[in-house]
1. Under 19 Å from residue 182 (Cα atoms), of a type outside the set (Lys, Arg), open to solvent by less than 10 Å² (accessible area, probe 1.4 Å) and more than 17 Å from the chain's Cα centre (by Cα): is that true of residue 215 in this structure?
2. When the stretch 1-58 is examined, which residues are found to be touching an Asp or Glu at 6+ places or on another chain (Cβ under 7 Å), modelled with pLDDT under 85 and either more than 30 Å from residue 334 (Cα to Cα) or among the small types (Gly, Ala, Ser) (or both)?
3. Under 8 Å by Cβ, and 6 or more places apart or on different chains, what pairs join a residue from the stretch 64-87 that is in a loop (DSSP other than H, G, I, E, B) and at pLDDT 95 or above with one that is of a type in the set (Lys, Arg) and open to solvent by 40 Å² or more (accessible area, probe 1.4 Å)?
4. Can you give me the number of residues within the stretch 40-63 that are part of a loop (DSSP other than H, G, I, E, B) and under 24 Å from the mean Cα position of the chain (by Cα)?
5. Go through (1) open to solvent by 40 Å² or more (accessible area, probe 1.4 Å); (2) over 18 Å from the mean Cα position of the chain (by Cα) one by one and return the number of the condition residue 152 breaks.
6. Quick one: which residue in 210, 220 is open to solvent by 60 Å² or more (accessible area, probe 1.4 Å), modelled with pLDDT of 95 or more and not aliphatic (A, V, I, L, M)?
7. Just the residues that are without any contact (Cβ under 8 Å) to a residue 40 or more places away in the chain, among the aliphatic types (A, V, I, L, M) and either touching a helix residue (DSSP H, G or I) at 6+ places or on another chain (Cβ under 7 Å) or open to solvent by less than 30 Å² (accessible area, probe 1.4 Å) (or both), please, taken from the stretch 187-207.
8. Only residues that are in a loop (DSSP other than H, G, I, E, B), in contact with a helix residue (DSSP H, G or I) (Cβ under 8 Å, 6 or more places away or on another chain) and among the small types (Gly, Ala, Ser): list them for the stretch 150-178, please.
Amino acid sequence: MTPEQLLAAPSTALPTLRGAVAGLPSYVPGRRSAGADIAALASNESHYEPLPAATVAVAEAARRMNRYPDMAAVELRERLARHLGVSLEEVAVGPGSVGVLQQIITGLCDAGDEVVFAWRSFEAYPILVELAGARPVRIPLDHLEGHDLDAMAAAVTDCTKVILLCTPNNPTGVPISHERIEAFLQSVRSDVLVVIDEAYVEYADAGSGPDSLALYRQYPNVCILRTFSKAYGLAGLRVGYAVAVPAIAEGLRRTALPFSVSALAQKAAIASLDAGEEMAARASAVREERARMAAELEAQGWKLQPSQGNFLWIRADEVLLATLVEAFNGAGIMVRAYQGDGVRITVADAASNDRVLRLLAAHAA
């Protein structure tokens, strides 16, 4: 082939991913149930069906799904503002709290900026940070499976833009008290956004965690992050929200993927808020089952930290973890294993929970 022919030949090179994307770990979702006899306890979903009012709202909205949803989600944001006692301008919504978190990181972080969070915590944290080109700063949990706030404060540098506080923490269930977060906020620069991620707040015992709205009103660099995926039972519709000062909230709305929260999700979320008492009763029943399971497991000899989520956490080394996972799989119970750390078990209906208790009784120390 002549030089002229070489120059004219089409290139065989293919497009390549950004280095940050090519090196990303994949998010590992909880395994799905494959049969009626399988206890699906790997994902922190509500085991209840959606609230009846939400089901009705979705059916009505489905008749108009040929139309785009309200991109600004004004009706939902107005309802959330009344629910929380804030203004419309302080609320931003997105496809689940993880979607809103991506809006937060995209809106605040440039390449090389740092995001500080506890580890182990929500698995999506480092993925979203690295996707934005920022640097994740993982701070190990303390000996009680909770946030080491002193170490997190010490890790803040001039490059820190965002700090993530997950309370109750996923997957350990340990909350952060109001007093500890307030002391932490007093030690952090006011230009660092502190996100209080409360995906499981509805399952927490009163007073176990922070009064995040009070902290937000006192510290303008606080952002509250919540979701309808857990206690409200709308995991399949993807809708979450943030509360932040108007300038930050407006930035989150700008970074959102257009029309990312469907009309069905918006209507279901409003109906679910209106059925708050029914949701609270369901969350109370989960708390009762969680306490029952924890008490029995401790009686069996398992050492647990008090969980405030809709799940329990068992710390396990590689040997014990492999044993438990094999036993759960053999018994048709799907749980979430975290290599090198432990296993998370979602609290579900009493019958499924009893299956867990029977299995763990056979493996107690």
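The values are calculated or read from the model by the stated rules, or taken from the named source; none is laboratory data. Remember, predicted model here, so these are calculated numbers, not experimental data. Cβ coordinates were reconstructed from backbone atoms using ideal geometry, including for glycine residues, and neighbour counts include every protein chain displayed. Protein only, heavy atoms only, side chains kept; ligands, DNA and RNA dropped before computing areas. Shrake-Rupley method; radii C 1.70, N 1.55, O 1.52, S 1.80 Å.
1. For residue 215, the condition - under 19 Å from residue 182 (Cα atoms), of a type outside the set (Lys, Arg), open to solvent by less than 10 Å² (accessible area, probe 1.4 Å) and more than 17 Å from the chain's Cα centre (by Cα) - is met.
2. 20
3. Partner pairs satisfying both residue conditions: 72/253.
4. Residues meeting the conditions: 11.
5. Against the list (1) open to solvent by 40 Å² or more (accessible area, probe 1.4 Å); (2) over 18 Å from the mean Cα position of the chain (by Cα), residue 152 comes up short only on (1).
6. Residue meeting the stated conditions: 220.
7. Correct list: 188, 192, 194, 196.
8. Within the stretch 150-178, none qualify.
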